[in-house]
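What follows is a single structure, written as structure tokens, with notes after it.
The values are calculated or read from the model by the stated rules, or taken from the named source; none is laboratory data. Quick caveat: nothing in here was measured; it's all calculated off a predicted structure. Don't worry about glycine lacking a Cβ; one is built from the backbone with ideal geometry, like all the others, and counts go over all protein chains shown. Note: accessible area is taken over every heavy atom of the protein model, side chains too, but ligands, DNA and RNA are not part of it. Shrake-Rupley method; radii C 1.70, N 1.55, O 1.52, S 1.80 Å.
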Amino acid sequence: RLVQLVGDERTSSGWFALLLCVTQVLVAPLAFYAGGFVAAQPNPAQLRPLVYLACVAVVSLFEFIVLWAARGKRHGGQLLRILPLAAVNSGVLGTVLVERTQSFTLEQSMGFGLGSGLGYLLAVMLVTEADRRLRSEAIPEAFRGLPITLVSAAIVSLSFFGLTGIIDRLFG
């Protein structure tokens, strides 16, 4: 069972992150082709965010139609409820902007969208599990709540930072 972190008790963090991942993968090819259109315009810097937001809107509308048709199914209603959170997430637009500013090919854009989505899924699941474990009675009273959450977030961010250095050395 996927636990709740995003939204209310009817919303699952896992489904949210999975829907965000799907959105990023679907937006990647659309933004790739839209990027070629934007580059040919006289003011590409001003048009770029608007065109990419339009790409996100088109994909979100497509997802809405699919989820609306499946709303009676097992998780269709829940996914329909969290679609706005996933689609208008800054992670989706940020991924598209990085893809296009790095001039990725279509395959690289799709891979980056998938990798970013899976990374976000991993991060959400880590935070969800950490939140569950940080409610332990073994944590001293002074550290319960926000202090232990900030300490654990700092440790996780340092571990990701260290992992980035290792990956750069291996593949860079």
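Things worth noting here:
- Qualifying residue in segment 88-104 (condition: modelled with pLDDT under 80, in a helix (DSSP H, G or I), under 30 Å from Gln46 (Cα atoms) and under 10 Å from the mean Cα position of the chain (by Cα)): yes
Residue-wise test of (1) touching a strand residue (DSSP E or B) at 6+ places or on another chain (Cβ under 8 Å); (2) farther than 16 Å from Ser109 by Cβ; (3) not hydrophobic (A, V, I, L, M, F, W, C).
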site: Leu20; (1), (2), (3): no, yes, no
site: Gln24; (1), (2), (3): no, no, yes
site: Ala28; (1), (2), (3): no, no, no
site: Ala40; (1), (2), (3): no, yes, no
site: Asn43; (1), (2), (3): no, yes, yes
site: Arg48; (1), (2), (3): no, no, yes
site: Glu63; (1), (2), (3): no, yes, yes
site: Ile82; (1), (2), (3): no, yes, no
site: Gly91; (1), (2), (3): no, no, yes
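- Positions within segment 42-64 being open to solvent by less than 50 Å² (accessible area, probe 1.4 Å) and of a type outside the set (Gly, Ala, Ser), in sequence order: Pro44, Val51, Tyr52, Cys55, Val56, Val59, Glu63
- Taken as a whole, the condition of being at pLDDT 85 or above, open to solvent by less than 40 Å² (accessible area, probe 1.4 Å) and part of a helix (DSSP H, G or I) applies to Ala28.
- Segment 110-134 residues that are open to solvent by less than 70 Å² (accessible area, probe 1.4 Å), paired with ones that are part of a helix (DSSP H, G or I) and among the charged types (D, E, K, R) (beta carbon under 9 Å, 6 or more apart): Phe112/Glu99; Gly113/Glu99; Ser116/Glu99
- Cross-chain or 6+ apart pairs with Cβ under 6 Å, segment 49-60 first and part of a helix (DSSP H, G or I), then open to solvent by 20 Å² or more (accessible area, probe 1.4 Å): Cys55/Leu30; Val59/Leu26
- When Ser90 is tested against the conditions (1) more than 25 Å from Phe32 (Cβ to Cβ); (2) free of Cβ contacts under 8 Å to residues at least 60 places away in the same chain, the lone failure is (1).
- Subset of segment 105-140 [within 24 Å of Leu26 (Cβ to Cβ) and outside any helix (DSSP H, G or I)]: Thr105
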